[in-house]
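Shown next, in structure tokens, is the structure this report addresses.
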Amino acid sequence: MDCLFCKIANGEIPAIKVHEDALCIAFSDIHPQAPAHLLVIPRQHIASIAQAGKEDQALLGHLILVAAELAAKQNLSKGFRIVMNTGDDGGQTVHHLHLHVLGGRAMHWPPG
């Protein structure tokens with residue numbers, strides 16, 4: 001498989017990891033859109049949330065809880081945003097499910 005995030009999860013491509021467990025890893029985004037910008041990805045390849053099934057429910061909950069823990073560790077007590085882009089029109093550029101954890105500045109709405 002030629003998936004960038006699978007290669008990062010497998011250690012084939014280096015990343016600045018901030019979390020790692022049996023189900024997921026988290027690392028700094030190489031093109032940050034906020035002072036704090038982390039990506040949380042499952043080790044298992046799921047192309048997007050649109051391809052996730054009921055069997056992935058526990059994994060998806062785990063990813064969200066890890067994102068919240070990382071936000072706390074990043075001192076984002078004033079607030080943060082968790083974003084999951086889906087599909088080309090949704091802004092997904094790497095087709096491996098991932099959560100963006102953004103913070104360190106005021107987030108505006110609508111996002112764009």
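Where a number appears in this text, it was derived from the coordinates with a stated rule and is not lab data. What you are looking at is a predicted structure, and each value in this text was computed from that prediction instead of being measured. Note: ideal-geometry Cβ built from the backbone for every residue, glycine included; neighbour counts use all protein chains shown.
Separation of the stretch 60-112 and the stretch 1-51, taken as the distance between their Cα centroids, equals 12 angstrom.
If you check each cysteine of the chain for another cysteine whose beta-carbon is under 4.7 Å away, which ones come up empty? Lacking a cysteine Cβ partner under 4.7 Å: Cys24.
Between His108 and Ala52, what FRET efficiency comes out of the Förster formula 1/(1 + (r/R0)^6) with R0 = 25 Å and r the beta carbon distance, rounded to 0.05? Don't skip to the end; give the middle numbers.
On the way: r = 28 Å, r/R0 = 1.13.
Given R0 = 25 Å and the Cβ-Cβ separation, E is 0.35.
In this structure, the amide hydrogen of Leu97, modeled 1.01 Å from its nitrogen in the peptide plane, lies closer than 5 angstrom to those of Ile46, Ala47, Ser48, counting only residues at least 5 positions away or on a different chain. Remark on Arg43: its backbone amide H falls under 5 Å from those of Cys24, Ile25, a criterion applied only to residues 5 or more positions apart or on other chains, H modelled at 1.01 Å from N. In this label model, Met1 and Gln33 are separated by 2.3 nm, measuring between points 7 Å along each Cα→Cβ vector.
Going by the alpha-carbon gyration tensor, a ≥ b ≥ c the square roots of its eigenvalues, is the stretch 49-112 rounded (a/c under 1.5) or, if a/c is not under 1.5, prolate (a/b greater than b/c) versus oblate? Because a/c hits 1.5 or more and a/b fails to exceed b/c, the stretch 49-112 counts as oblate. Helical content of the chain, expressed as a calculated mean residue ellipticity at 222 nm, amounts to -6500 deg cm²/dmol (DSSP H runs of 4 or more residues, -39,500 (n - 2.57) each, divided by residue number, nearest 500). Taking 0.36 nm per residue of separation and subtracting the current Cα-Cα distance, fully stretching the chain between Ala72 and Asp88 would add 2.7 nm. Annotation: for a label point projected 7 angstrom from Cα along Cα→Cβ of Gln44, residues of the stretch 74-112 with backbone N closer than 16 Å are 96-99.
State log₁₀ I(q)/I(0) for the stretch 4-103 at q = 0.12, 0.16, 0.19 Å⁻¹ as given by the Debye formula over alpha-carbon point scatterers of equal weight, solvent excluded. Each listed q corresponds, in turn, to -0.35, -0.64, -0.91. With contacts taken as Cα pairs under 8 Å and at least 6 residues apart, the chain reaches a relative contact order of 30 percent. Karplus-derived 3J(HN,Hα) values for the stretch 20-32, using 6.51 cos²θ - 1.76 cosθ + 1.60 with θ = phi - 60°, are 7, 8, 5, 9, 8, 9, 9, 8, 6, 6, 7, 10, x Hz; glycine and proline are entered as x.
Close amide H pairs (under 5 Å, H built 1.01 Å from N) link Val18 with Ala26, Phe27, Ser28, residues at least 5 positions away or on another chain. Using θ = phi - 60° in the Karplus curve 6.51 cos²θ - 1.76 cosθ + 1.60, the 3J(HN,Hα) couplings for the stretch 47-57 round to 4, 6, 4, 5, 9, 6, x, 4, 5, 9, 4 Hz; x is entered for Gly and Pro.
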